[in-house]
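Below is one structure; the comments refer to it alone.
The values are calculated or read from the model by the stated rules, or taken from the named source; none is laboratory data. This structure is a prediction, so every number in the text was calculated from the model and none was measured. A quick note on method: Cβ atoms are made from the backbone with ideal geometry, for glycine too, and the neighbour counts reach across all protein chains shown. Just the protein is used for accessible areas: all its heavy atoms, side chains included, with ligands, DNA and RNA removed. Shrake-Rupley method; radii C 1.70, N 1.55, O 1.52, S 1.80 Å.
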Amino acid sequence: MIRAEEVIGTIRAALEREPRVNLHGHPIELDFADGVVTVAGEVGGIAAKKLALEIAAKPQPVTGLVDRLRVEPSEQMEDGTIRDHVCNGLASEPAFMEYAVQAVVKQDLEEVRGTAQRGLDRVIEVEVNDGLVTLNGRAESISHKRLAGVLAWWVPGSRDVVNGIEVWSDPEENDDELVDLIRIVLEKDPLVNAAQVSIHCKDGVVTLDGAVPTPNNKRAAESDAWYVLGVNEVVNNLVITG
């Protein structure tokens, strides 16, 4: 039988080899029991979080994963402030004009925009606990679900986003849909000129090509791609011209 120490050692060694995780700057706690790995701690960004979880799930004896990783927020915010920002972002997004937006406050639902009726097909519920944003409800497409998740990630105080929104139409799980959604996200980001970026995707691996003026523009474009649910890797080939 493989001992827990061996599994943890294997995962930790793999994390050490991935510079984007930066294990020394952001230590990660690992636990393994009954085939399940628990990953906890705070990482520097969304890429580090996704990569760390992927690495932790790879060893052969691992059959389950408990995600307790949080992303270091770019700004400290109270939960109520984060919730308000997420709700306002959803309510002001043109793609969600026909959606009811609700906030979960002390386990009660408060209407932010629209009135959610029983059986309503378009509704997004927002709950925030210790910087963790949880999205529930029902959306008409996988693209809408993914866009809601990105808007939640864009709030500076968000430490994690759990996207539990159900999709009631047939999900279009394909590379073209991911490319289209990433293009929309880049167009909404004031730090990115989407016309300067070429996007390609294969099996969840996104490649960004083109030229941008500053390192901030390059980092923002990569983060935007990582924020999209279903993206497993981002290859950032953007050239800095400034």
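How big is the equivalent ellipsoid of segment 8-117 along its three axes, where each semi-axis is √(5λ) from the Cα gyration tensor, reported in whole Å from largest to smallest? If you can, show how the numbers build up before the last one.
Numbers: eigenvalues 257, 54, 33 Å².
Its equivalent ellipsoid spans semi-axes of 36, 16, 13 Å.
Residues with amide H under 5 Å of residue 70's amide H, sequence separation 5 or more or different chain, H placed in the peptide plane at 1.01 Å from N; which?
It is 41, 42, 43, by chain and number.
Please give the direction-averaged projected area of the C-alpha convex hull for segment 1-62, in square nanometres with one decimal. Please report the intermediate quantities before stating the final value.
Working: hull surface 14.7 nm².
Mean projected area of the Cα convex hull: 3.7 nm².
When each pair of different Cα atoms in the chain is counted once in the 1/r mean, what is the Kirkwood radius in angstroms, to one decimal?
Working: mean 1/r = 0.0524 Å⁻¹.
Value: 19.1 Å, from the Cα pair sum.
For the modelled label position 7 Å from the Cα of residue 109 along Cα-to-Cβ, which residues of segment 127-143 have backbone nitrogen atoms closer than 18 Å?
127-128, 134-140
Enumerate lysine pairs in segment 24-182 that are 8 or more residues apart or on different chains, then count those whose Cα atoms are under 25 Å apart. Numbers along the way, then the final one.
Numbers: 49/58; 49/145; 50/58; 50/145; 106/145.
For segment 24-182, qualifying lysine pairs total 5.
Calculate the translational D of segment 173-242 in whole µm² s⁻¹ from Stokes-Einstein, where the hydrodynamic radius comes from the Kirkwood formula applied to all Cα pairs, the temperature is 10 °C and the viscosity 1.306 mPa s.
Values: Rh = 11.7 Å.
Answer, rounded: 136 µm²/s.
Can you check what the Kirkwood hydrodynamic radius comes to for segment 68-138, Cα pairs only, in Å to one decimal?
Working: mean 1/r = 0.0786 Å⁻¹.
With all distinct Cα pairs of segment 68-138 included, I get 12.7 Å.
How large is ³J(HN,Hα) for each residue in segment 16-26, as worked out from phi by the Karplus curve 6.51 cos²θ - 1.76 cosθ + 1.60 (θ = phi - 60°), to whole Hz, x for Gly and Pro?
Values, residue by residue: 4, 7, 9, x, 6, 6, 6, 4, 6, x, 9 Hz.
Where in segment 22-106 are there GluC sites (Glu not before Pro) that are in a DSSP coil and have at most 13 other Cβ atoms within 10 angstrom of their Cβ?
Answer in residue order: 75, 78, 98.
Show me the trypsin sites (Lys or Arg not before Pro) within segment 88-150 that DSSP assigns to loop and that have at most 13 other Cβ atoms within 10 Å of their Cβ.
Working: sites: 106, 113, 118, 122, 138, 145, 146; in loops: 106, 118, 122.
When the trypsin sites (Lys or Arg not before Pro) of segment 88-150 are filtered for loop state and at most 13 Cβ neighbours within 10 Å, 106, 118 remain.
Considering only protein heavy atoms, what per residue accessible area in square angstrom results for the chain with a 1.4 angstrom probe?
On the way: 12430 Å² over 242 residues.
Each residue of the chain exposes 51 Å² on average to a 1.4 Å probe.
What percent antiparallel are the DSSP beta bridges of the chain, to the nearest 5?
Working: 24 of 48 bridges.
Roughly 50 percent of the beta bridges in the chain run antiparallel, per DSSP.
Check residue 65: other-chain or 5+ apart residues with amide H under 5 Å from its amide H, H built from backbone geometry?
Sorted by chain and number, the residues that satisfy this are 37.
For segment 120-171, what is the largest minus smallest coordinate of the Cα atoms on each principal axis, given in angstrom and ordered from greatest to least?
32, 17, 11
How would 188, 50 rank on accessible area, largest to smallest, probe 1.4 Å?
Numbers: 188 75, 50 50 Å².
Descending accessible area places them as 188, 50.
Residue by residue through segment 64-77, which ³J(HN,Hα) values in whole Hz follow from phi under the Karplus form 6.51 cos²θ - 1.76 cosθ + 1.60 (θ = phi - 60°), with glycine and proline marked x?
x, 9, 10, 9, 10, 7, 10, 9, 4, x, 6, 8, 6, 9
Leaving out ligands, DNA and RNA, and with a 1.4 Å probe, what % of the accessible surface on the chain is carbon or sulfur?
Details: 5910 of 12430 Å².
After summing per-atom areas, the C and S share lands at 48 percent.
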